[in-house]
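We did not get these values from a lab; they are worked out from the coordinates using the rules stated. What you are looking at is a predicted structure, and each value in this text was computed from that prediction instead of being measured. Note: ideal-geometry Cβ built from the backbone for every residue, glycine included; neighbour counts use all protein chains shown.
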Amino acid sequence: MWNKKWLALAALIVVASMLISACEPEVVTVETIVEKEVEVEVEKVVTATPEAAAEAATGGEADVYRIGIYEDPKTLNYWNYLGPGSSVWTAYVVNGYAANLYSLSDQRFDFVPSLAKELVQPVKEGDTWVYTVPMVETATWSDGEAIDAYDVVFTHNACKDLKLTQNWPSNCRPNGVEGIEAAVIDDYTVQYIFPVEPSLATWNAGIALAAILPEHFWKGQVEEAYGFIEGVEMPEAERPEDCDAEDLDDAGKAACEAWTVYDEAFENARKTLYEADPTGSPAYGGFTTDKFEPGAFVQRTKNDNYFFKGATISEYDDGTWMVEFPTGETRQLFGDASGEKTLEYVSGPHAPNVLLSIYGSQDAAFLAMQNGEVDYVIAPTGVSRGLREKAQTSGDIKTYVNADYGMYYVAFNMRKSPMDDFAFRQAIDIIVDKEFVVNKVLQGTVFPMYSTMPPGNGYWHNPDVPTPYKDFTRAERVAEAIKVLKEAGWNWTQEPEWSDDQQDVIPGEGLTMPNGEAMPEITILGPGPAYDPLRATFNQWISEWAREMGMPIKSELTGFNNMLDPVFVSADFDMYILGWSLGNVAFPDYYESFWHSRNDTATTGNFNTPGFKNDEYDAMIDEFMSTTDLDVAREKIFAAQVMLAEQRPYIPLFYKQVYDLARSNVQFPYTEVLGGIQNENAMQTDTIPLAQ
C-alpha cells in the first residue's frame, strides 16, 4: 500500500525537520528557526566540503572502524533484542543481523524494496487481502546460505505462535490484528494473507518491515520453545481481572488456574528462545558480531556476502530513489532522476572490522576519542556542552548537528495508588518547572517538551497541544497544585504555602489521599549522573518540588540496565524517568505501542509501561492504525497528543538536538538526518574510516 501521498509525507518530514549539520565546522552562530509556531534554537554549523576531510587522512582506508560506547549490550540474541533485551546499546552491536523485505530509505524515509524485488499491491480474494511478494534470488546470509521465503515464513510463524513480546508484535500481528498468515509460494516468493484490509500500520509500518532470521540456524532453538506450548490451548473462560481478589468464586479460581498454566507455558517458551545461545548466528547486514567481552569491547567482522555491498544509492530532488548494483542491475522508483542529485554513496561494508570499545562513562569515552583511541563515540544520552567544547579544541574532531527524534519523560505506574489518581498526576505536571531546569540549571543544553511528538517531526507534531502551566511562577505553581489536590479530596495537616518574604515554599506536612490514608512513599527511578546528568538532574528537582508539597517522593538513581526489569518486565515501579528513540519517522506507531491498553507491560510484556487504559484513546489509535488515509492518520495523532497531555501517563520533559562528534578520518555516507548519525547505529556498514 503506497501512493504519492505517502511519498509526499517523506518529503514533508525532511523539509520540516532537517537541521543544518556539519562536515567541517568552521564558524558557529546561533539562529532562531520558527516552524509551525514552534520556536527552536539550533546551532548552525558552516561546513567545508567532504573532500577537505578526506585530505586530512593520508594512509587509505583503515582496517578498523573504532567506536566508543559506555554501556554493555544486554544480549547478542536478536530474538531477545526485539523482546525484553531491547536496549539502544544492544542495537549498536546486533545492527544488520535481521533481513527485511522492505525498508525506509536514507534521509527521506521513502518506503522501498530491500529483499523484495518490487513494490506490490494487495489483491482482495474472498474475505481476505493478499500480498504476493517476489524476492531477490541472490541474497545470502553471512555463512553463504540463501535467504529465501522459508526464512520469512519461519520468523513470522515463530513470532505469532510463541506470542513474542515488546517489539515483536509489529512484526507478525501489528495493531493487534490476529490471524495474518505467511505462506511459501516457491523458494523466492512469499505470500501474506490478511483477514482485514491492510492499513498503513499493518503493511507499510508493520509486516513489510518485519525482521527475517535464518531458519537453518535457529530452527532447533525455536522447536525447543514450541515444545513448551505443544497441546496447550487457550482457556475457554474469560481471564479474570484480579486473581488475588478475596471474593473470587470457585469458577473464577478455576479460570485463574487455567490461565496461569497457559501463561506459564508461553513464558517458558519465550524465555527458552530469548535465552538461546546466539554464538555463530549468521547475519544479513554488513557485519557479524564475533566477540563480546563485558565491560571491555565488542568485535564485529565484515560480511562480504551482504546483498547491497558495492551498490550505489542515489536520491534526487524530484523524488527519485535509485540503487545501481555492481552487476549492472538498477532499481529506480518515484521519479525519472531529473533535477539535482541530493544523495549518492557506495554501500559497504568498507572496514574489515568494527570495534566497539566499552568505557565506564561518557567522559571516558570522549577522552578516548580526544586521545585518538576511537574514531567516533555513540552518545544516545546526548553530549554536554562542556564535553563538546573540550572536544572541539582538537582540530581533528568534527561536530555534526541534527534534529532529534526522541523524547525524555517521567512516567507513572497507573496500576498503583496514588499514580492512578488524575489529580496527583496533574499536580506533578504543575509543579515540574521544565523551563527553569532547562534554562537555569542545564543552561539551555536541551529544550522543554510539551507534546509526545518531537517538533523535529514537523508533519506529525501538533503545535496546539495545551501548555497551561508554561509561564507560571513558582508561587503560581504551588497555589495551583494545592487547588487541584484539595478539589480532588487531598488534605494536609499543614498546607504548603509560598512565602514572599523567603521567596521559597514552606513545605506541607501530613498529606492524606482522598481515601483518608497517608500518601505512601514514592520512588522515581532514573539513571544516575554518570550515565545521563540530564535525566538525573530532572529526577532530583522533581522529587524536591514534590517534597515541598508534602509528598514523600524520593529519587533513586541507578544504572540503566538495572531499570530494565522493574520498568519493562515486572512493571514493579512507582515512577521513572527514561527516554525513547521513537523509531519510524514516517509513521509514528509508537502511539499504539506505548499507550494502547492491549500493550500493558504487566499483562503482555509489551511497552505500555504505565498501564494506561482509556477506551476513547484505544478507539482513536485503532482508527489510526487501521486507516489507509494519511490525512486521517495525522488527524488521529494530533488528537492523541492532546489526550495524552491531558491524561498524563507520561509527562514529556525535554528533547534535544543531536550532536555527533567524530574524528576527521571518518567519512560518513551523509550527515544530515533526523535523529543524527547515532540514530543510524553509527552507520557502521557505509562509513569509511581512513588511516591517519
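Details
- Beta-bridge orientation, segment 406-655: approximately 70 percent antiparallel, per DSSP, counting only bridges with both partners inside.
- GluC sites (Glu not before Pro) restricted to segment 473-528 and DSSP loop, no more than 14 other C-beta within 10 Å: Glu517, Glu521
- Of the GluC sites (Glu not before Pro) in segment 122-157, the ones in a loop by DSSP (not H, G, I, E or B) with at most 15 other beta carbons within 10 Å are Glu137, Glu145.
- The packing ranking, built from the mean of other Cβ atoms within 10 Å per residue, places the peptides 671-682, 620-631, 177-188 in the order 671-682, 620-631, 177-188, highest first.
- Just so you know, the Rg over Rh for segment 98-214 is 0.94, from Cα atoms, with Rh as the Kirkwood radius.
- Candidate aspartates and glutamates - alpha carbon under 15 Å from Lys124, same-chain residues fewer than 8 apart omitted: Glu181, Glu197
- Residues whose amide H falls under 5 Å from that of Asn614, counting only those 5 or more places apart or on a different chain, are Ser597, with hydrogens built in the peptide plane.
- Entries of Lys160/Lys219; Lys341/Lys636; Lys253/Lys554; Lys74/Lys440; Lys271/Lys554; Lys291/Lys390 with Cα pairs more than 27 Å apart: Lys341/Lys636; Lys253/Lys554; Lys74/Lys440; Lys271/Lys554; Lys291/Lys390
- Ordering of 324-332, 279-287, 312-320, 559-567 by packing is 279-287, 312-320, 559-567, 324-332, highest average first (other Cβ atoms within 10 Å, averaged per residue).
- Here segment 613-672 was treated as a single set of alpha-carbon atoms; its pair distances binned every 5 Å from 0 give 4, 13, 17, 13, 10, 10, 10, 9, 9, 4, 1 percent.
- Each residue of segment 424-574 gets 144 Å³ once the volume of the Cα convex hull is shared out per residue.
- Anisotropy class of the chain from Cα gyration tensor, a/c 1.5 cut: oblate
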